[in-house]
1. Enumerate the residues in the range 170-210 having an amide nitrogen under 13 Å from the point lying 7 Å beyond the Cα of SER64 toward its Cβ.
2. So, in nm, how far is label ALA151 from label GLN93 when the simple model puts each one 7 Å beyond its Cα toward the Cβ?
3. Find how much the distance from SER36 to ARG118 grows on full extension, using 0.36 nm per residue of separation minus their present alpha carbon separation; answer in nm with one decimal.
4. Can you find, among GLY25, ALA74, LEU185, the residue farthest towards the positive end of the dipole of the chain? Put +1 on the C-beta of Lys and Arg, -1 on that of Asp and Glu.
5. With +1 on each Lys and Arg Cβ and -1 on each Asp and Glu Cβ, how big is the dipole of the chain about its Cα centre, in debye rounded to the nearest 20?
6. Sort 172-180, 36-44, 49-57 by the packing proxy (mean of other Cβ within 10 Å over each peptide's residues), most packed first.
7. Show me 68-77, 211-220 ranked by packing, highest mean number of other Cβ atoms within 10 Å first.
8. With unit charges on the beta carbons (Lys and Arg positive, Asp and Glu negative) and the dipole taken about the Cα centre of the range 153-224, which residue among LEU204, ALA174, ALA214 sits farthest to the positive side?
Amino acid sequence: MSGSDPLTAGPPPEHEVKALLREAGVAVPRGATAASAGGVAAAAGGLAPPLVLKAFGPGLVHKSDSGAVRLALAGPAEAAEAAAEMLGGLLAQGITPDGFLVEEQAEAGIELIVGVVRDPGFGPVLLAGLGGVWTEAMRDTAVRLCPVSEADARRMLASLRGSRLLRGYRGRPAADMDALVKLLLTVGGAGGLWERLDLGEFELNPVIATGRGAVAVDARYIPG
Ligand code: ADP
Ligand code: MG
C-alpha cells in the first residue's frame with residue numbers, strides 16, 4: 001500500500017488505511033494526526049467534538065489493550081491532556097508511539113467487522129460479522145469468495161445470527177442496510193479494494209452502522 005512493498009514494509013498506520021478507504025468511497029471519521037502529544041491540540045482544532053484519540057506505531061495492533069484509545073473527549077484541550085497521559089502509559093509499557101490520531105467520534109450504533117481474509121485454497125474471501133467486543137465472543141461471521149455480488153452481500157448480512165440487531169431490536173433503529181451493502185461491495189465486490197491488497201489482508205473492526213450510514217472507525221491492513 002502507498003507504493004511500498006507489502007512483503008517487506010510494516011503495516012501502514014490506521015490513518016493511511018482510512019485515507020485509502022475514504023478515496024474508495026467508504027465513510028471514515030474526519031481526523032488529523034500529530035507527531036507528538038504536544039501537537040494534538042492543534043491537530044484537533046478543525047474537528048467537531050466529541051473526539052477520539054488513538055496512538056499509532058509498532059506494537060500498537062490492539063490499541064485498546066495498551067490504553068491507546070480514548071473516547072468522548074470534549075475538545076482540543078482535553079485531547080491534548082489525554083495524549084500526555086496516554087504517552088506516559090505507553091512508555092511505561094515499553095511502547096514508543098510514532099504519533100497520535102485524533103478524530104471525530106461516530107454516533108453509537110451496531111458494531112460490525114468487515115474484512116478480506118486469504119483462504120489458502122480459495123484466495124481472497126470477504127468476511128462480515130458482528131464486530132467490536134462481539135467478534136470473539138459471538139463468532140458470528142459470514143464469508144463469501146471475492147468478488148461478491150449485491151445479492152451475496154445482502155445474504156451475508158441476513159445470515160448472521162445477529163441480523164435481528166441489524167433489523168432493529170427492542171426499540172433500537174434498524175441499521176442502514178443499503179449503506180452496509182455498499183460498503184461490502186466497495187471492499188469485496190467487483191473492482192473492490194480486495195483487488196488492490198497484493199497478498200495482504202484487510203480488517204475494518206468496527207464498522208458502526210446506524211439508521212443513516214455505516215462508518216469504518218478502525219481499519220487495519222495486514223501485509224502478506
Ligand atoms: P483497537 O485497536 O483496540 O481495535 P479501535 O480503533 O477499534 O481500537 O477502538 C476501540 C473501540 O473504540 C472501537 O471498537 C469503537 O467502539 C471505539 N471507537 C474507536 N474509534 C471511534 C470513533 N472514531 N468513533 C466512535 N467510536 C470509536
Ligand atoms: Mg478495532
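1. Residues passing the 13 Å test: 205-208.
2. Taking the two extended label points, one gets 4.6 nm.
3. Extra length from SER36 to ARG118 when fully extended: 26.0 nm.
4. The listed residue farthest towards the positive side: LEU185.
5. 780 debye
6. Taking the mean over residues of other Cβ atoms within 10 Å, the ranking is 49-57, 36-44, 172-180.
7. 211-220, 68-77
8. Highest projection toward the positive end goes to ALA174.
Just so you know, all these numbers are worked out from the coordinates, no wet-lab data involved. Every value quoted in this text rests on a predicted model; they were computed, and no experiment measured them. Neighbour counts are summed over all protein chains in view; Cβ atoms, including those assigned to glycine, are modelled from backbone coordinates with ideal geometry.
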